[in-house]
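Just below is one structure, and these are the notes that go with it.
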Amino acid sequence: MLSLPKAVMSAMHRPIYRHRLRVLVDSIIPHLRAGDEVLDVGCGEGTLARALMDDPRCPEGVRVRGLERAPRGGEPIEVLGYDGKAFPFEDGSVDAVIVADVLHHEPEPDRLAAECARVARRLVIVKDHQIKGPLARQRVSFIDWAANAPYGVPCLYRYNTPGQWGAFRERLGMEAAEERSGMRLYPPVFEQFFGGSLQYFAVLRHAKATDGGVG
Ligand SMILES: C[S@@+](CC[C@H](N)C(=O)[O-])C[C@H]1O[C@@H](n2cnc3c(N)ncnc32)[C@H](O)[C@@H]1O
């Protein structure tokens, strides 16, 4: 059971999280295709995967499964637990991988991203934070802590700058089908302090892929 302060924080976070979910669904759906097999790596409670499949705009036959280092139990989707290292999937065995606010929780983000790229036939969709703007590190650290403390997810407080995101993509050897150095993710007021340039979103495709675009 959550302690009282954590339960209060979790309740305050809920409407903000719902808004974030809607924006992420709006951003991801245009990149999915009918029949896609999608893996949501670090799916947490599985709400993003469920919201994608439940959205009326979701192409027919899309299946989103979760892969979690720390499965929570009772998720509304199929979730596979693993040791947080090598994915229990063959190379190119899913169409798209989603890794939403997970890389900054991982001590070896390049290794995790390489696993995402290995199993994804078409796309790796990244949502994360970014250090850009006044007091960016402090603001991101606060929102990261507030969103994760109620659920016991440890924070490393390590985030990329826009330049580091570019270098990350180069190391991964993927190209951007879409890249946003900023995202309006939260409801008004909250958005002013914690959204915008503190958010990073990219849809990456394998450099030689010719069919990784929208649709
Ligand atoms: C901030 S939560 C994000 C949950 C979900 N992706 C979302 O956007 O709502 C980060 C999640 O990533 C998971 N995680 C961290 N490192 C991981 C790894 N190497 N493999 C799989 N999951 C990981 C954590 O257990 C946690 O559930």
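The values are calculated or read from the model by the stated rules, or taken from the named source; none is laboratory data. All values derive from a computational prediction rather than experimental measurement. Note that each Cβ is placed from the backbone with ideal geometry, even for glycine, and that neighbours are counted across all protein chains shown.
A few notes on this one:
- Test result for Leu103, closer than 19 Å to Gly152 by Cα, touching a Leu at 6+ places or on another chain (Cβ under 9 Å) and modelled with pLDDT of 95 or more: yes
- Flag if Ala147 is within 16 Å of the ligand (Cβ to nearest atom), part of a helix (DSSP H, G or I) and under 17 Å from the mean Cα position of the chain (by Cα): yes
- Selection status of Glu78, over 30 Å from Phe193 (Cα atoms) and surrounded by fewer than 16 Cβ atoms within 10 Å (Cβ to Cβ): yes
- Whichever residue in region 127-143 is modelled with pLDDT of 95 or more and within 11 Å of the ligand (Cβ to nearest atom) and, among such residues, is farthest from the chain's Cα centre (by Cα): His129
- Failed criterion for Ile98 (all others in (1) within 8 Å of the ligand (Cβ to nearest atom); (2) of a type in the set (Val, Ile, Thr); (3) surrounded by fewer than 22 Cβ atoms within 10 Å (Cβ to Cβ) hold): (3)
- Restricting Ala117, Ala113, Ala86, Ala96 to those that are among the aliphatic types (A, V, I, L, M), under 29 Å from Ile16 (Cβ atoms) and outside any strand (DSSP E or B) reduces the list to Ala113.
- Single residue of region 190-208 satisfying the filter (assigned to a loop (DSSP other than H, G, I, E, B) and loosely packed, with under 14 Cβ neighbours inside 10 Å) that is farthest from the chain's Cα centre (by Cα): Lys208
- Filtered by the rule that a residue be part of a loop (DSSP other than H, G, I, E, B), surrounded by 14 or more Cβ atoms within 10 Å (Cβ to Cβ) and among the small types (Gly, Ala, Ser), region 154-189 gives Ser181, Gly182.
- Residue match in region 155-168 (condition: under 25 Å from Glu90 (Cβ atoms) and away from the ligand (no atom under 13 Å from the Cβ)): yes
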